[in-house]
Amino acid sequence: MMEELNGRFGIEGQVVFRAGPSGVFVDVENDGARAMIALQGAQVVDWVPRGEAPVIWLSRDAKFAEGKSIRGGAPVCWPWFGPHRSELSFPAHGFARTVPWEVIETRALADGSTRLIFRLKGTEASRTQWPHATQLENHITVGKTLEVDLVTRNFGNESVTIGQALHTYFSVGDIRKVSLHGLDGRPYLDKVDGFSRKIQGGEVTFAGETDRIYLDSTGDCIIADPVLGRSIRIAKRGSASTVVWNPWDEKADKMGDMGENGWLEMLCVENANAADDVRSLAPGAEHHLWVSYRVE
Ligand code: BG6
């Protein structure tokens, strides 16, 4: 299988497929960056722009196993965000992050970056949970900037409603010293305060468990990190909600896969279609949830 994948989609010195603990992994390297992507979930698990420290956080205790979500990286939550609306037995954040995807294309772009396109294959269980004629692709461009374009197409005869997020874990020096800019004045649902609706005043800072869905948020966010001495700019299209999450110490301990003090070194900023920002796709329509990350 690896020989076939490398024969069809490998790019010498740039894209290499290899067997890993939970299936196939892809190593990408070019003049701008290096990255690692798990085929299960089409999940970026590492992205290191040249000359920078790693931008994406991966838990030291991340479990790599078939059908299990990986703690860290940039998981794809789809076709719903959070718990399913009516079926409590369905997996939180949908099934896209725990099923195999197939490779559709790899390409060396003229600007030196590398484009990889993956398509969700689904399983019997996922087809039962989501009996709709939709197609989901993840278009990942690795370079000095990391771009991810989640493309949902509705091939069915009825409208479908999707919720989703790119649940990215960013690596930070010390969460207690980080500030997140770009959400001033935005309303948010505060999950740690019974989903009460509040308004953000100024930048977001972190002093305890934080789990919020910011609404009407379409602009860039910037993670300002004085410890690592860098800012990460997060841009998006096709999303008007932003989830900001850090479980803090107690919850992280209970989760069992965050690694010792891992919560101190991560922040999730998730460009989403969550809460009232779910999207309805008419027959034949497609929706792009596009994000880009860049160190400044
Ligand atoms: C966030 C949610 O997006 O994901 C949190 O807002 C949740 O409530 C977190 O705890 C992690 O989810 P999971 O399913 O990966 O443990």
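Rolling a 1.4 Å probe across all protein chains gives H84 an accessible area of roughly 40 Å². The spread of Cα positions in the chain, taken along each principal axis and listed from longest to shortest, comes to 52, 48, 36 Å. Relative to the Cα centre, the charge distribution of the stretch 2-289, modelled as +1 at Lys and Arg Cβ and -1 at Asp and Glu Cβ, gives a dipole magnitude of about 260 debye.
With Cα atoms as the point set, the radius of gyration and Dmax of the stretch 125-233 evaluate to 17.6, 52 Å.
Taking every lysine pair in the chain that is 8 or more places apart or spans two chains, those with Cα atoms closer than 25 Å amount to 18. If you find the alpha carbon centre of the stretch 265-294 and of the stretch 143-219, how far apart are they in angstrom? Their Cα centres are 9 Å away from one another. The slack between M1 and S159, meaning 0.36 nm per residue of separation minus the straight C-alpha distance, is 53.2 nm.
Using the heavy atoms of the protein chains alone and a 1.4 angstrom probe, what is the accessible area of the chain per residue in square angstrom?
That works out to 44 Å² for each residue.
Quantify, in whole percent, the carbon and sulfur part of the accessible surface of the stretch 146-296 (1.4 Å probe; protein heavy atoms only). The value for the stretch 146-296 is 44 percent carbon and sulfur by accessible area.
By the gyration tensor of its Cα atoms, with a ≥ b ≥ c the square roots of the eigenvalues, what is the shape of the stretch 195-235: rounded for a/c under 1.5, prolate for a/b over b/c, or oblate?
Because a/c hits 1.5 or more and a/b fails to exceed b/c, the stretch 195-235 counts as oblate.
Here's the picture: charge each Lys and Arg Cβ at +1 and each Asp and Glu Cβ at -1 in the chain, and of I37, P187, G156 the one pushed furthest to the positive end of that dipole is G156. The Stokes-Einstein estimate for the stretch 197-266, based on a Kirkwood radius over Cα pairs and taken at 25 °C with 0.890 mPa s viscosity, is a diffusion coefficient of 176 µm²/s. Estimated purely from DSSP H runs of n ≥ 4, each contributing -39500 (n - 2.57), the mean residue ellipticity at 222 nm for the chain is -2000 deg cm²/dmol once divided by its residues.
By definition, a body whose alpha carbon gyration tensor gives a ≥ b ≥ c is prolate when a/c is 1.5 or more and a/b is larger than b/c, and the stretch 1-138 fits this prolate description. Since only T145, V15, L88 are under comparison, the one whose Cα sits farthest along the positive direction of the charge dipole of the chain, derived from C-beta charges on Lys, Arg, Asp and Glu, is L88.
The values are calculated or read from the model by the stated rules, or taken from the named source; none is laboratory data. Please read all numbers here as calculations on a predicted model, not as lab measurements. No Cβ is skipped: glycine too gets one built from the backbone with ideal geometry, and neighbour counts run over all protein chains shown. The accessibility values were calculated without ligands, DNA or RNA, using every heavy atom of the protein model including side chains. Shrake-Rupley method; radii C 1.70, N 1.55, O 1.52, S 1.80 Å.
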